[in-house]
Amino acid sequence: MALSYSTRNKRNAAFIETCNAMSVDDFGGSHEVRDAILALRPFFQGEIIFPSNKDYDADRMLSNPVFQFHPIVILYCKTEVDAALALGLCRDQGLPFSVRSGGHCTAGFSGNNGVMIDVKNLNGILIDEDAKTAVCGTGVEFGDFQQALDPYHLNVPGGECADVCVGGYVQGGGFGFTAAKYGISCDNVIEVRVLLADGTVAVSNKDKNPELLWAVCGGTGGNFGILLTVKFQLHDLDKCYGFALDWALDTDQEVEQAAQALCYLQNDYMLNSVAGPDLTLQLHIGFQYVDDSKTKMKPFLMVRGLWAGDVGQGPDVIAPLKALPGMLRDHFWEAVDTFYVMNHKLLHYPQGMPPMPPGPDPLEDKSSHYVTRDLALGEWQQMLGFMKTSLPNKSFAYMEVYGGAIAERDRLSNAFVHRDAAFNLILDVFWKDD
């Protein structure tokens, strides 16, 4: 066949021309690496990006611009064989590499200065409605996954951020707005397929290679192989009830009222919650716009949650919270809808948390702490008061409330061992310049 009839042949020829125009320094100073990448091209279905590509600066970025990696090459895997070829290149040439699906790792582990293996295009979804299972590629974004599940009225705890991908999320554990009911996301994984260091693919479930399944579920991504697919056990979930409540933090009295509300939540709605596992809560301490003009911000405590039980019971479940002193009735909202719609509403209505300043994404750093003991009123007050010393859009704290099915699961059932935590406290800071 003539060269002109094959766009792939044209692509490969252009690639060779590009490589020939590059210095060996662009390949880490190695002629062997250059030759190996050239040899890879005819068999690699995805895109290969060098620093000279016009989109390289966008392609190399993770979700947080504080991480600035400059890989010598980015390999966008289109197929599982591509992933094996990419891994083989790194193994044979002794090249350091990282694996990226969504690029949301808060420690920046999905980036490096060697080879970046990107698997976001391994994004197929296969739903078995009768068996209530779904097989997802590691690059499936949770926005797409939750949308795909919505017509079937099925659910699995998933990432709140729509472009977080299955691969890294599951390997880190995975908290979502149905976690108290169904467990951390990795608790619902029944099988994985993993590309191992030697290039073979291991299938792992409770009967076959169970130790690998144990480790992948909550053991942190990039440690055991390249995750290719995840098979989830799904759960029936039609309509659900969502809500948000606010407490202002302007005055000392308001801070004390908000701290008392946190003590009440701690006693009755965290571990051993009176609401049972149907209620999943997330608490926020940060700045919000006070009106639609979005010109003035004030600090607030926000309590938002999802009730996955009988939607008619939802208002009764949170009625004691609404009655607490200081709750801002003009900020309260509640709604009933499918999980896909409700998850979006909880994250974005009446504004996203935290509200981001206009312009390019700010730089960010965060720290996470599992809290297993009750905090005293004075400790809650100290935390809330400290937040008031920050500038708007510069800091943010939130608590993912555990308990329910998370706590009920055996601590050593998988690598996610934080079963005794009342909540996970995440502290976040943002800045635009040094």
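Values quoted throughout were computed directly from the atomic coordinates according to the rules given, and no laboratory measurement underlies them. What you see is a predicted model, and the numbers here were worked out from it, not measured in a lab. As a convention, Cβ positions derive from the backbone with ideal geometry for all residues, glycine included, and neighbour counts pool all protein chains shown.
Of the residues Thr133, Thr251, Thr229, the one with the fewest other Cβ atoms within 10 Å heads the list, and the complete ranking is Thr251, Thr133, Thr229.
Potential lengthening of the chain between Asp310 and Asn209 amounts to 32.5 nm, from the contour at 0.36 nm per residue minus the alpha-carbon distance.
GNM on the chain, alpha-carbon springs under 10 angstrom: the most fluctuating residue among Tyr264, Tyr241, Tyr182 is Tyr264. Within straight-line reach of Lys345, meaning a Cα separation under 16 Å, sit the following lysines at least 8 residues removed in sequence or on another chain: Lys239. In this structure the amide hydrogen of Arg100, modeled in the peptide plane, comes within under 5 Å of the amide hydrogens of Ile117, Asp118, Val119, none closer than 5 places in sequence on its chain.
Cysteines in the chain lacking any other cysteine Cβ under 4.7 Å from their own Cβ: Cys19, Cys77, Cys90, Cys105, Cys136, Cys161, Cys165, Cys240, Cys263. With a Förster radius of 30 Å applied to the C-beta separation of Glu334 and Asp128, the computed FRET efficiency comes to 0.35. Can you list the trypsin sites (Lys or Arg not before Pro) in region 303-405 that are in a DSSP coil and have 13 or fewer other beta carbons within 10 angstrom? When the trypsin sites (Lys or Arg not before Pro) of region 303-405 are filtered for loop state and at most 13 Cβ neighbours within 10 Å, Arg329, Arg373 remain. The charge dipole of the chain, taken about its Cα centre with unit charges on the Cβ of Lys, Arg, Asp and Glu (plus for the first two, minus for the last two), comes to roughly 600 debye. Label-to-label distance, Leu363 versus Arg41, with points set 7 angstrom from Cα along the beta-carbon direction: 3.7 nm.
Take every pair of alpha-carbon atoms less than 8 Å apart whose residues are at least six positions apart; their mean separation over the length of the chain yields a relative contact order of 14 percent.
Annotation: peptides 230-239, 161-170, 289-298, ranked by per-residue average of other Cβ atoms within 10 Å with the highest first, follow the order 161-170, 230-239, 289-298.
Could you calculate the FRET efficiency of Lys296 with Lys54 from 1/(1 + (r/R0)^6), where r is the beta carbon distance between them and R0 is 51 Å, rounded to 0.05? Write down the numbers at each step before the final one.
Values: r = 41 Å, r/R0 = 0.81.
The computed FRET efficiency comes out at 0.80.
Multiplying the residue separation of Val81 and Lys432 by 0.36 nm and subtracting their alpha-carbon distance yields 122.3 nm.
Just order 211-221, 136-146 by mean Cβ neighbour count inside 10 Å, highest at the front, would you? Write down the numbers at each step before the final one.
Working: 211-221: 19.9, 136-146: 23.5.
Highest mean packing first, the order is 136-146, 211-221.
First measure r as the distance between the Cβ atoms of Leu412 and Glu17, then evaluate 1/(1 + (r/R0)^6) with R0 = 56 Å and state the FRET efficiency to the nearest 0.05. List each step's numbers first, then the result.
Values: r = 55 Å, r/R0 = 0.99.
Step by step, r from the Cβ atoms, then E = 0.50.
According to a simple spin-label model (label point 7 Å from Cα along Cα-to-Cβ), what is the distance in nm between Lys10 and Val24? It works out to 3.4 nm between the two label points. Describe numerically, in nm with one decimal, the distance between label points set 7 Å from Cα along Cα→Cβ at Asp163 and at Thr200. In this crude label model, Asp163 to Thr200 measures out at 3.8 nm.
Using DSSP to call loops (not H, G, I, E or B), can you name the trypsin sites (Lys or Arg not before Pro) in region 1-107 whose Cβ has at most 12 other Cβ atoms within 10 angstrom? List each step's numbers first, then the result.
Working: sites: Arg8, Lys10, Arg11, Arg34, Lys54, Arg60, Lys78, Arg91, Arg100; in loops: Lys54, Arg60, Lys78.
Passing both the DSSP loop test and the Cβ count: Lys54.
What value, in deg cm²/dmol to 500, does the helix sum -39500 (n - 2.57) over DSSP H runs of n ≥ 4 give at 222 nm once divided by the residues of the chain?
Values: 13 runs with 122 residues, N = 434.
Computed ellipticity for the chain at 222 nm equals -8000 deg cm²/dmol.
For the chain, modelled as a GNM whose springs connect Cα atoms under 10 angstrom apart, the maximal fluctuation among Ile285, Ile190, Ile117 occurs at Ile190.
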